[in-house]
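Have a look at the structure below before the remarks.
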Amino acid sequence: MEADGGIAGLREKIEAASAEAEGPGGSRVRVIGLREARRLAREASTDLGALEREALRAEVLPRRYLRNLGTLGWEGQRRICEAGVAVVGLGGLGGNVVELLARLGVGRLAVADGDAFSEDNLNRQVLSHSDNLGHPKVDEAVKRIRMINPAVDVRAEECMLDVRGMLRLAEGCRVAVDALDNIPSRLQLQEACSLLGIPMVHGAIAGSAGQVTTVFPGECGLRLLYPQDGDRGIETVTGNPSFTPALVAALQVAEVVKLITGNGEPLRNRLLFLDTDSNSFLLTELA
Amino acid sequence: MADVEVRLFAEYRKQVGVSRFRMEADDLWQLMEGLASRCGSDFLIGAERAMILINGRNSAQLAGMRTVLRDGDVVSFFPPLAGG
(Lines give C-alpha, C1' and ligand atoms only; values in the text may rest on other atoms or scores of the structure.)
Protein backbone atom coordinates (compact mmCIF):
# COMPACT_ATOMS: atom_id res chain seq x y z
CA MET A 1 0.00 0.00 0.00
CA GLU A 2 1.37 3.39 -0.92
CA ALA A 3 1.63 5.91 1.86
CA ASP A 4 -1.27 8.31 1.94
CA GLY A 5 1.00 11.18 2.91
CA GLY A 6 0.67 14.60 1.37
CA ILE A 7 -3.09 14.73 1.38
CA ALA A 8 -3.73 15.51 5.03
CA GLY A 9 -4.79 19.03 4.00
CA LEU A 10 -7.65 17.45 2.16
CA ARG A 11 -9.49 16.60 5.31
CA GLU A 12 -11.30 19.94 5.50
CA LYS A 13 -12.30 19.69 1.85
CA ILE A 14 -13.57 16.17 2.42
CA GLU A 15 -15.61 17.31 5.39
CA ALA A 16 -16.97 20.24 3.40
CA ALA A 17 -17.98 17.93 0.54
CA SER A 18 -19.65 15.44 2.88
CA ALA A 19 -23.34 15.15 3.62
CA GLU A 20 -25.41 13.53 6.33
CA ALA A 21 -27.01 10.14 5.70
CA GLU A 22 -28.91 7.55 7.69
CA GLY A 23 -26.54 4.92 9.08
CA PRO A 24 -27.05 1.73 11.09
CA GLY A 25 -30.07 1.76 13.39
CA GLY A 26 -31.14 5.20 12.20
CA SER A 27 -27.88 6.87 13.33
CA ARG A 28 -26.58 9.90 11.44
CA VAL A 29 -23.38 9.39 9.45
CA ARG A 30 -21.25 11.82 7.41
CA VAL A 31 -20.79 10.44 3.91
CA ILE A 32 -19.04 11.43 0.72
CA GLY A 33 -20.32 10.35 -2.68
CA LEU A 34 -18.27 8.86 -5.48
CA ARG A 35 -18.50 11.93 -7.71
CA GLU A 36 -17.26 14.32 -4.98
CA ALA A 37 -14.53 11.91 -3.92
CA ARG A 38 -13.31 11.56 -7.50
CA ARG A 39 -13.29 15.34 -7.93
CA LEU A 40 -11.31 15.91 -4.74
CA ALA A 41 -8.85 13.13 -5.63
CA ARG A 42 -8.31 14.67 -9.06
CA GLU A 43 -7.78 18.15 -7.58
CA ALA A 44 -5.25 16.76 -5.07
CA SER A 45 -3.51 14.64 -7.72
CA THR A 46 -4.00 11.55 -5.61
CA ASP A 47 -5.78 8.28 -6.22
CA LEU A 48 -9.32 7.59 -5.15
CA GLY A 49 -8.29 4.88 -2.69
CA ALA A 50 -5.97 7.23 -0.79
CA LEU A 51 -8.67 9.88 -0.68
CA GLU A 52 -11.24 7.43 0.67
CA ARG A 53 -8.84 6.25 3.37
CA GLU A 54 -8.29 9.87 4.39
CA ALA A 55 -12.08 10.34 4.49
CA LEU A 56 -12.45 7.30 6.74
CA ARG A 57 -9.82 8.65 9.11
CA ALA A 58 -11.93 11.83 9.33
CA GLU A 59 -15.05 9.70 10.05
CA VAL A 60 -16.51 10.52 6.66
CA LEU A 61 -17.73 7.33 5.04
CA PRO A 62 -17.57 6.76 1.29
CA ARG A 63 -21.28 6.40 0.61
CA ARG A 64 -20.81 3.03 -1.08
CA TYR A 65 -19.93 1.51 2.31
CA LEU A 66 -23.10 2.63 4.13
CA ARG A 67 -24.46 -0.92 4.26
CA ASN A 68 -21.08 -2.28 5.43
CA LEU A 69 -20.98 -0.05 8.47
CA GLY A 70 -23.40 -1.88 10.76
CA THR A 71 -21.40 -5.09 10.40
CA LEU A 72 -17.83 -3.90 9.94
CA GLY A 73 -17.90 -0.70 12.01
CA TRP A 74 -15.63 2.29 11.32
CA GLU A 75 -12.47 0.53 12.41
CA GLY A 76 -13.31 -2.58 10.43
CA GLN A 77 -14.00 -0.58 7.26
CA ARG A 78 -10.78 1.37 7.74
CA ARG A 79 -8.80 -1.84 8.09
CA ILE A 80 -10.45 -3.34 5.02
CA CYS A 81 -9.65 -0.23 2.97
CA GLU A 82 -6.03 -0.30 4.11
CA ALA A 83 -5.46 -4.01 3.51
CA GLY A 84 -3.94 -5.85 0.58
CA VAL A 85 -5.26 -9.29 -0.37
CA ALA A 86 -3.74 -11.74 -2.86
CA VAL A 87 -6.14 -13.94 -4.79
CA VAL A 88 -4.49 -16.82 -6.62
CA GLY A 89 -6.74 -18.41 -9.22
CA LEU A 90 -9.55 -16.54 -10.98
CA GLY A 91 -11.94 -19.33 -11.89
CA GLY A 92 -15.16 -20.29 -10.08
CA LEU A 93 -13.90 -19.38 -6.62
CA GLY A 94 -11.53 -16.53 -7.48
CA GLY A 95 -14.01 -14.67 -9.68
CA ASN A 96 -16.55 -14.56 -6.87
CA VAL A 97 -13.86 -13.73 -4.31
CA VAL A 98 -12.55 -10.66 -6.16
CA GLU A 99 -16.10 -9.46 -6.82
CA LEU A 100 -16.97 -9.59 -3.11
CA LEU A 101 -13.64 -8.14 -1.93
CA ALA A 102 -13.93 -5.21 -4.35
CA ARG A 103 -17.43 -4.46 -3.09
CA LEU A 104 -16.23 -4.60 0.52
CA GLY A 105 -13.58 -2.02 -0.36
CA VAL A 106 -10.31 -3.92 0.04
CA GLY A 107 -7.50 -1.42 -0.55
CA ARG A 108 -5.35 -3.54 -2.80
CA LEU A 109 -5.96 -6.73 -4.74
CA ALA A 110 -3.09 -8.76 -6.19
CA VAL A 111 -4.54 -11.34 -8.56
CA ALA A 112 -3.04 -14.09 -10.69
CA ASP A 113 -4.15 -16.70 -13.19
CA GLY A 114 -2.48 -17.98 -16.33
CA ASP A 115 -5.64 -19.17 -18.03
CA ALA A 116 -8.11 -17.74 -20.55
CA PHE A 117 -11.89 -18.18 -20.48
CA SER A 118 -13.38 -21.11 -22.34
CA GLU A 119 -16.96 -22.07 -23.04
CA ASP A 120 -17.08 -24.71 -20.31
CA ASN A 121 -16.32 -21.98 -17.74
CA LEU A 122 -19.60 -20.20 -18.44
CA ASN A 123 -21.72 -22.38 -16.13
CA ARG A 124 -19.99 -21.10 -12.97
CA GLN A 125 -17.21 -18.56 -13.45
CA VAL A 126 -18.80 -15.16 -12.89
CA LEU A 127 -16.08 -13.22 -14.70
CA SER A 128 -16.77 -15.13 -17.92
CA HIS A 129 -19.47 -14.33 -20.43
CA SER A 130 -20.32 -15.10 -24.03
CA ASP A 131 -18.27 -12.20 -25.38
CA ASN A 132 -14.98 -12.70 -23.52
CA LEU A 133 -14.19 -16.30 -24.38
CA GLY A 134 -10.48 -16.63 -25.10
CA HIS A 135 -9.66 -13.52 -23.03
CA PRO A 136 -7.12 -13.84 -20.20
CA LYS A 137 -8.89 -14.24 -16.85
CA VAL A 138 -6.64 -11.64 -15.20
CA ASP A 139 -7.64 -8.99 -17.78
CA GLU A 140 -11.31 -9.63 -17.13
CA ALA A 141 -10.76 -9.60 -13.38
CA VAL A 142 -8.97 -6.24 -13.50
CA LYS A 143 -11.75 -4.79 -15.67
CA ARG A 144 -14.45 -6.07 -13.34
CA ILE A 145 -12.73 -4.86 -10.16
CA ARG A 146 -12.18 -1.38 -11.62
CA MET A 147 -15.76 -1.26 -12.81
CA ILE A 148 -17.12 -2.20 -9.37
CA ASN A 149 -14.79 -0.11 -7.24
CA PRO A 150 -12.23 2.24 -8.79
CA ALA A 151 -10.74 2.90 -5.34
CA VAL A 152 -9.20 -0.58 -5.33
CA ASP A 153 -5.55 -0.73 -6.39
CA VAL A 154 -5.25 -3.82 -8.61
CA ARG A 155 -2.12 -5.66 -9.60
CA ALA A 156 -2.32 -8.66 -11.89
CA GLU A 157 -0.03 -11.42 -13.08
CA GLU A 158 -1.03 -13.46 -16.09
CA CYS A 159 0.74 -16.70 -15.35
CA MET A 160 0.58 -19.89 -13.33
CA LEU A 161 2.84 -18.98 -10.44
CA ASP A 162 5.51 -21.05 -8.78
CA VAL A 163 6.43 -20.42 -5.13
CA ARG A 164 8.73 -17.55 -6.10
CA GLY A 165 5.99 -15.92 -8.16
CA MET A 166 3.50 -16.38 -5.32
CA LEU A 167 5.93 -14.73 -2.92
CA ARG A 168 6.23 -11.78 -5.28
CA LEU A 169 2.47 -11.50 -5.75
CA ALA A 170 1.51 -11.71 -2.09
CA GLU A 171 4.32 -9.59 -0.68
CA GLY A 172 2.87 -6.81 1.45
CA CYS A 173 -0.56 -8.46 1.52
CA ARG A 174 -2.36 -9.10 4.77
CA VAL A 175 -3.77 -12.45 3.62
CA ALA A 176 -3.83 -14.70 0.55
CA VAL A 177 -6.82 -16.56 -0.86
CA ASP A 178 -6.32 -20.04 -2.29
CA ALA A 179 -8.73 -20.18 -5.23
CA LEU A 180 -6.63 -22.62 -7.21
CA ASP A 181 -7.81 -25.79 -8.91
CA ASN A 182 -5.07 -28.32 -8.23
CA ILE A 183 -3.39 -29.75 -5.17
CA PRO A 184 0.31 -29.10 -5.97
CA SER A 185 -0.30 -25.37 -6.57
CA ARG A 186 -2.35 -25.11 -3.39
CA LEU A 187 0.52 -26.64 -1.41
CA GLN A 188 2.92 -24.19 -3.05
CA LEU A 189 0.74 -21.27 -2.02
CA GLN A 190 0.63 -22.57 1.54
CA GLU A 191 4.43 -22.70 1.49
CA ALA A 192 4.69 -19.16 0.09
CA CYS A 193 2.27 -17.79 2.69
CA SER A 194 4.19 -19.51 5.45
CA LEU A 195 7.41 -17.90 4.21
CA LEU A 196 5.70 -14.50 4.08
CA GLY A 197 4.22 -15.00 7.53
CA ILE A 198 0.63 -14.42 6.40
CA PRO A 199 -2.48 -16.59 6.71
CA MET A 200 -3.98 -18.38 3.71
CA VAL A 201 -7.70 -18.88 3.26
CA HIS A 202 -8.26 -22.19 1.51
CA GLY A 203 -11.39 -23.09 -0.42
CA ALA A 204 -12.10 -26.07 -2.65
CA ILE A 205 -15.15 -27.50 -4.37
CA ALA A 206 -16.44 -30.62 -6.09
CA GLY A 207 -20.05 -31.03 -7.17
CA SER A 208 -22.36 -30.12 -4.29
CA ALA A 209 -19.52 -30.25 -1.75
CA GLY A 210 -17.06 -27.64 -0.61
CA GLN A 211 -14.57 -26.92 2.14
CA VAL A 212 -12.99 -23.88 3.76
CA THR A 213 -10.21 -23.48 6.27
CA THR A 214 -7.63 -20.86 7.21
CA VAL A 215 -4.00 -21.92 7.51
CA PHE A 216 -1.57 -19.87 9.57
CA PRO A 217 2.19 -19.88 8.93
CA GLY A 218 3.90 -23.09 9.99
CA GLU A 219 0.71 -25.11 10.39
CA CYS A 220 0.13 -28.46 8.65
CA GLY A 221 -3.05 -27.18 7.00
CA LEU A 222 -3.50 -28.67 3.56
CA ARG A 223 -1.18 -31.58 4.33
CA LEU A 224 -4.01 -32.93 6.47
CA LEU A 225 -6.64 -32.34 3.80
CA TYR A 226 -4.55 -33.96 1.08
CA PRO A 227 -2.56 -36.65 2.90
CA GLN A 228 -1.44 -38.32 -0.34
CA ASP A 229 0.04 -36.96 -3.53
CA GLY A 230 -2.25 -36.27 -6.45
CA ASP A 231 -3.18 -33.39 -8.71
CA ARG A 232 -6.95 -33.34 -8.50
CA GLY A 233 -9.86 -34.43 -6.36
CA ILE A 234 -13.29 -35.84 -7.14
CA GLU A 235 -14.27 -32.71 -9.10
CA THR A 236 -12.93 -34.63 -12.11
CA VAL A 237 -15.97 -36.88 -11.62
CA THR A 238 -18.58 -34.48 -10.20
CA GLY A 239 -17.76 -31.33 -12.16
CA ASN A 240 -18.82 -28.04 -10.54
CA PRO A 241 -22.24 -26.39 -10.79
CA SER A 242 -22.74 -22.63 -10.37
CA PHE A 243 -23.85 -22.52 -6.75
CA THR A 244 -20.98 -24.34 -5.02
CA PRO A 245 -18.19 -21.91 -5.99
CA ALA A 246 -20.39 -18.95 -5.07
CA LEU A 247 -21.12 -20.46 -1.66
CA VAL A 248 -17.53 -21.41 -0.85
CA ALA A 249 -16.12 -18.12 -2.19
CA ALA A 250 -18.49 -16.20 0.08
CA LEU A 251 -17.24 -18.20 3.07
CA GLN A 252 -13.64 -17.50 2.04
CA VAL A 253 -14.34 -13.77 1.88
CA ALA A 254 -15.96 -13.93 5.33
CA GLU A 255 -12.69 -15.48 6.55
CA VAL A 256 -10.67 -12.67 4.95
CA VAL A 257 -12.85 -10.10 6.69
CA LYS A 258 -12.38 -11.80 10.06
CA LEU A 259 -8.62 -11.88 9.58
CA ILE A 260 -8.36 -8.25 8.55
CA THR A 261 -10.77 -6.76 11.05
CA GLY A 262 -9.91 -9.01 13.97
CA ASN A 263 -13.62 -9.60 14.55
CA GLY A 264 -15.09 -13.09 14.68
CA GLU A 265 -13.44 -16.50 14.84
CA PRO A 266 -11.39 -17.60 11.82
CA LEU A 267 -11.46 -21.27 10.86
CA ARG A 268 -7.99 -21.82 12.25
CA ASN A 269 -7.20 -25.52 12.72
CA ARG A 270 -10.80 -26.19 11.80
CA LEU A 271 -12.39 -27.29 8.56
CA LEU A 272 -15.85 -26.30 7.43
CA PHE A 273 -17.04 -29.09 5.12
CA LEU A 274 -20.38 -28.60 3.42
CA ASP A 275 -22.60 -30.59 1.13
CA THR A 276 -25.73 -28.90 -0.20
CA ASP A 277 -27.22 -32.22 -1.30
CA SER A 278 -27.47 -33.45 2.29
CA ASN A 279 -27.83 -29.94 3.81
CA SER A 280 -24.80 -30.65 5.95
CA PHE A 281 -22.39 -28.03 7.25
CA LEU A 282 -19.85 -29.83 9.37
CA LEU A 283 -17.24 -28.03 11.43
CA THR A 284 -14.42 -30.34 12.40
CA GLU A 285 -11.02 -29.98 14.06
CA LEU A 286 -8.13 -30.11 11.63
CA ALA A 287 -5.13 -30.13 13.91
CA MET B 1 -12.82 -56.69 16.65
CA ALA B 2 -14.02 -53.21 17.41
CA ASP B 3 -17.56 -52.17 16.57
CA VAL B 4 -17.28 -48.73 14.88
CA GLU B 5 -19.61 -46.28 13.15
CA VAL B 6 -18.66 -45.34 9.59
CA ARG B 7 -19.80 -41.95 8.30
CA LEU B 8 -19.59 -41.04 4.64
CA PHE B 9 -19.69 -37.54 3.21
CA ALA B 10 -20.47 -35.98 -0.16
CA GLU B 11 -19.62 -38.23 -3.12
CA TYR B 12 -18.89 -41.24 -0.90
CA ARG B 13 -22.37 -41.04 0.61
CA LYS B 14 -23.89 -40.82 -2.87
CA GLN B 15 -21.95 -43.83 -4.11
CA VAL B 16 -22.99 -46.06 -1.24
CA GLY B 17 -26.48 -44.62 -0.77
CA VAL B 18 -26.27 -44.27 3.03
CA SER B 19 -24.47 -41.78 5.19
CA ARG B 20 -23.68 -43.98 8.19
CA PHE B 21 -23.54 -47.65 9.16
CA ARG B 22 -21.73 -49.92 11.60
CA MET B 23 -18.81 -52.22 10.85
CA GLU B 24 -16.25 -54.28 12.71
CA ALA B 25 -12.49 -53.93 12.28
CA ASP B 26 -9.28 -54.00 14.32
CA ASP B 27 -7.62 -51.09 12.60
CA LEU B 28 -8.17 -48.57 9.81
CA TRP B 29 -6.56 -50.74 7.17
CA GLN B 30 -8.90 -53.63 7.98
CA LEU B 31 -11.85 -51.25 7.93
CA MET B 32 -10.88 -50.08 4.44
CA GLU B 33 -10.69 -53.67 3.23
CA GLY B 34 -14.08 -54.35 4.74
CA LEU B 35 -15.54 -51.29 3.08
CA ALA B 36 -14.25 -52.35 -0.33
CA SER B 37 -15.69 -55.82 0.14
CA ARG B 38 -19.03 -54.52 1.44
CA CYS B 39 -19.55 -51.69 -1.03
CA GLY B 40 -17.91 -53.00 -4.20
CA SER B 41 -14.51 -52.73 -5.76
CA ASP B 42 -15.05 -49.19 -7.04
CA PHE B 43 -16.10 -48.02 -3.61
CA LEU B 44 -14.52 -44.74 -2.55
CA ILE B 45 -13.02 -43.08 -5.59
CA GLY B 46 -9.38 -42.70 -4.68
CA ALA B 47 -10.16 -43.77 -1.12
CA GLU B 48 -6.47 -43.90 -0.37
CA ARG B 49 -6.52 -40.11 -0.85
CA ALA B 50 -9.52 -39.47 1.41
CA MET B 51 -9.31 -37.40 4.56
CA ILE B 52 -10.24 -39.77 7.37
CA LEU B 53 -11.21 -38.59 10.83
CA ILE B 54 -11.42 -40.92 13.81
CA ASN B 55 -13.54 -39.33 16.52
CA GLY B 56 -12.80 -36.00 14.84
CA ARG B 57 -9.02 -36.54 14.82
CA ASN B 58 -7.20 -36.70 11.52
CA SER B 59 -5.85 -40.21 10.84
CA ALA B 60 -2.73 -38.62 9.31
CA GLN B 61 -1.93 -37.34 12.78
CA LEU B 62 -2.65 -40.68 14.39
CA ALA B 63 -1.06 -43.85 13.04
CA GLY B 64 -2.49 -43.58 9.52
CA MET B 65 -3.80 -46.91 8.22
CA ARG B 66 -2.31 -48.66 11.26
CA THR B 67 -4.52 -46.67 13.64
CA VAL B 68 -6.13 -49.12 16.08
CA LEU B 69 -9.90 -48.87 16.36
CA ARG B 70 -11.94 -49.24 19.53
CA ASP B 71 -15.59 -49.96 20.22
CA GLY B 72 -17.72 -46.90 19.59
CA ASP B 73 -15.19 -45.08 17.40
CA VAL B 74 -16.66 -42.85 14.70
CA VAL B 75 -14.70 -43.04 11.44
CA SER B 76 -15.56 -40.30 8.92
CA PHE B 77 -14.53 -40.32 5.25
CA PHE B 78 -14.26 -37.10 3.26
CA PRO B 79 -13.46 -37.24 -0.45
CA PRO B 80 -10.62 -35.03 -1.67
CA LEU B 81 -12.01 -31.78 -3.11
CA ALA B 82 -9.63 -29.68 -5.16
CA GLY B 83 -11.78 -27.81 -7.68
CA GLY B 84 -11.67 -24.05 -7.86
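The values are calculated or read from the model by the stated rules, or taken from the named source; none is laboratory data. In this text the structure is predicted, and so the values were computed from the model without any measurement. Because the Cβ atoms are built from the backbone with ideal geometry, glycine has one as well, and the counts that use them run over all protein chains shown. Note: accessible area is taken over every heavy atom of the protein model, side chains too, but ligands, DNA and RNA are not part of it. Shrake-Rupley method; radii C 1.70, N 1.55, O 1.52, S 1.80 Å.
One table, with the values for the structure above:
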quantity	calculated
Principal-axis tilt of helix A:34-43 within chain A, Cα atoms, nearest 10 degrees	70 degrees
Segment A:166-287: radius of gyration and largest Cα-Cα distance (Dmax), Å	13.8, 41
Convex hull volume of chain B per residue (C-alpha atoms, cubic angstrom)	86 Å³
Backbone HN-Hα couplings from phi across segment A:126-139 [Karplus 6.51/-1.76/1.60, Hz, Gly and Pro as x]	5, 7, 8, 8, 4, 9, 10, 5, x, 7, x, 5, 5, 4
Accessible area (Å², 1.4 Å probe, nearest 10) - B:R22	120 Å²
Å² per residue, accessible surface of chain A at 1.4 Å	42 Å²
Segment A:15-153: antiparallel DSSP beta bridges as a percent of all, rounded to 5	40 percent
Nonlocal amide H pairs with A:G23, under 5 Å, H built at 1.01 Å	A:R28, A:V29
Protein-only accessible surface order, largest first, of A:H202, A:H129 at 1.4 Å	A:H129, A:H202
Where segment B:2-78 is the region considered: accessible area per residue in Å², 1.4 Å probe	48 Å²
From phi via Karplus (6.51, -1.76, 1.60), per-residue ³J(HN,Hα) for segment A:142-155 in Hz, x at Gly/Pro	4, 4, 5, 4, 5, 5, 6, 8, x, 7, 7, 8, 10, 10
Loop-resident sites, segment A:210-287, for trypsin sites (Lys or Arg not before Pro), counting at most 16 other Cβ within 10 Å (DSSP)	none
Hits among aspartates and glutamates - C-alpha to C-alpha of A:K258 under 13 Å, sequence gap 8 or more where chains match	A:E75
Those residues of segment B:65-84 for which accessible area with every protein chain present is at least 40 Å² below the isolated value (1.4 Å probe)	B:F78, B:P80, B:L81, B:A82, B:G83, B:G84
Karplus-derived HN-Hα couplings along segment A:173-181 (A = 6.51, B = -1.76, C = 1.60, θ = phi - 60°), whole Hz, x at Gly and Pro	7, 7, 7, 10, 10, 8, 10, 7, 10
Whole-percent carbon and sulfur share, accessible surface of segment A:159-198, 1.4 Å	49 percent
Amide H contacts under 5 Å for A:A206, placed H, 5+ residues apart	none
Exposure of A:M200 as accessible area (Å², to 10), given a probe of 1.4 Å and all protein chains	0 Å²
Chain A: antiparallel DSSP beta bridges as a percent of all, rounded to 5	50 percent
Area buried, chain B against chain A - accessible surface, total, 1.4 angstrom probe, square angstrom	2400 Å²
Ranking by accessible area, most exposed first, for A:K13, B:K14 with a 1.4 Å probe	A:K13, B:K14
Among beta bridges that DSSP assigns inside chain B, antiparallel share in %, nearest 5	75 percent
Segment B:2-78, accessible surface, carbon-and-sulfur percent (1.4 angstrom probe)	45 percent
Interchain or long-range residues, amide H under 5 Å from A:D181's placed H	none
Chain-alone versus full-assembly comparison, segment A:258-287, residues with accessible loss of at least 10 Å² (1.4 Å probe)	A:L271, A:F273, A:D275, A:D277, A:S278, A:S280, A:L282, A:T284, A:E285, A:L286, A:A287
Cα convex hull volume per residue for the protein assembly as shown (Å³)	140 Å³
